[in-house]
Amino acid sequence: MPEFKLEKVSSGFASMVVQEPGAEGIRSCYACGTCTAGCPVRRVNAAYNPRKLIRMVLLGMQDEVLQGKEIWLCSSCYTCQERCPQGIRITETIIALRNLAAREGYAPSGVSMQAKLIKDQGRLYALDEFDDKKRKKAGLPSLPSEVAGATKLLDEKE
Ligand code: SF4
Ligand code: SF4
């Protein structure tokens, strides 16, 4: 995790984050570490630490949080959120941080590409004959190659 530098603190960062849906309660974090103790990502990557991420937000470490890779490591398993004694919606806070990072152009290229695919065709990958064959075999109807409803929804959100 990056070093804290007072001169780089963004005083409005925490206020900006708490306005995002799901992140409203982060100011009640008392740094108990329950989230980190149960995090499965933490078990395989000691550098990942949701408690520290929340602390960094509250300290105004905007560049380090939004430009760093940590927010993209969360597997969205919700273990931390279910266990937090303060009822903080940690997983949703991390999603909110990803949204903020993406709006500022810091999303990893793979994520941006997936977003573009969903926006353009309503799916992560194009359906081909092979998929249709498998669906038919399983007794399922074939699917259209584009999902107009999804692309329209995303257009309306912009
Ligand atoms: S479990 Fe909740 S209160 Fe404890 S450190 Fe994590 S976010 Fe903060
Ligand atoms: S939701 Fe993310 S931060 Fe929380 S326990 Fe799961 S992987 Fe860790």
Please work out whether the chain counts as rounded, prolate or oblate from its C-alpha gyration tensor, where a ≥ b ≥ c are the square roots of the eigenvalues and a/c under 1.5 means rounded, while otherwise a/b larger than b/c means prolate and anything else oblate? prolate
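Within 10 Å, at most 13 other Cβ atoms, and a DSSP state outside H, G, I, E, B define an exposed site. Report the longest part of the chain free of exposed chymotrypsin sites (Phe, Trp or Tyr not before Pro). Working shown, then result.
Working: sites that count: Phe4, Tyr30, Tyr78, Tyr125.
With a cap of 13 other Cβ atoms within 10 Å, the longest stretch comes to 31-77.
How would you rank Val44, Val65, Val57, Val111, going from fewest to most other Cβ atoms within 10 Å of each one's own Cβ? It would help to have the intermediate numbers written out before the result.
Details: Val44 9, Val65 23, Val57 28, Val111 14.
Fewest to most other Cβ atoms nearby, the residues stand as Val44, Val111, Val65, Val57.
How high is the relative contact order of the chain, in percent, counting Cα pairs under 8 Å that sit 6 or more residues apart?
Numbers: 165 pairs, mean separation 34.1, N = 158.
Once divided by the residue count of the chain, the mean separation gives 22 percent.
As a check on your grasp of the helix formula, calculate [θ] at 222 nm for the chain: sum -39500 (n - 2.57) over DSSP H runs of n ≥ 4, divide by the residue count, round to the nearest 500.
Values: 10 runs with 82 residues, N = 158.
Value at 222 nm, helices only, nearest 500: -14000 deg cm²/dmol.
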Residue separation times 0.36 nm, minus the C-alpha to C-alpha distance between Lys152 and Asn45: what's the value? 34.6 nm
Relative to the longest principal Cα axis of the chain, at what angle does helix 109-121 sit, 0 to 90 degrees, rounded to 10? 40
Computed ³J(HN,Hα) along region 25-40: with the Karplus parameters 6.51/-1.76/1.60, θ = phi - 60°, integer Hz and x for glycine or proline, the list is x, 5, 5, 8, 5, 10, 6, 6, x, 4, 4, 5, 4, x, 6, x
For region 1-90, shape from the Cα gyration tensor axes a ≥ b ≥ c, cut at a/c of 1.5 then a/b versus b/c, turns out oblate
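Exceeding 25 Å between C-alpha atoms, which entries from my cross-link table qualify? They are Lys5/Lys69; Lys8/Lys52; Lys116/Lys136; Lys8/Lys69; Lys69/Lys116. List each step's numbers first, then the result.
On the way: Lys5/Lys69 19 Å; Lys8/Lys52 17 Å; Lys116/Lys136 28 Å; Lys8/Lys69 18 Å; Lys69/Lys116 20 Å.
Those over the limit are Lys116/Lys136.
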Before anything else, pin down the relative contact order of region 44-127: Cα pairs under 8 Å, at least 6 apart, normalised by residue count, whole percent. 21
Using a Gaussian network for the chain with springs between C-alpha atoms less than 10 Å apart, which of these wobbles most: Ala96, Ala47, Ala148? Ala148
So for R0 = 22 Å, FRET eff. of Tyr125-Asn99 from the Cβ-Cβ r, to 0.05, ends up at 0.40
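Readers should treat all values here as calculations from the given coordinates under stated rules, not as data from a laboratory. Just so we're clear, the structure is a prediction, and the values are computed from it rather than from any experiment. Virtual Cβ from ideal backbone geometry, glycine too; neighbours counted across all protein chains shown.
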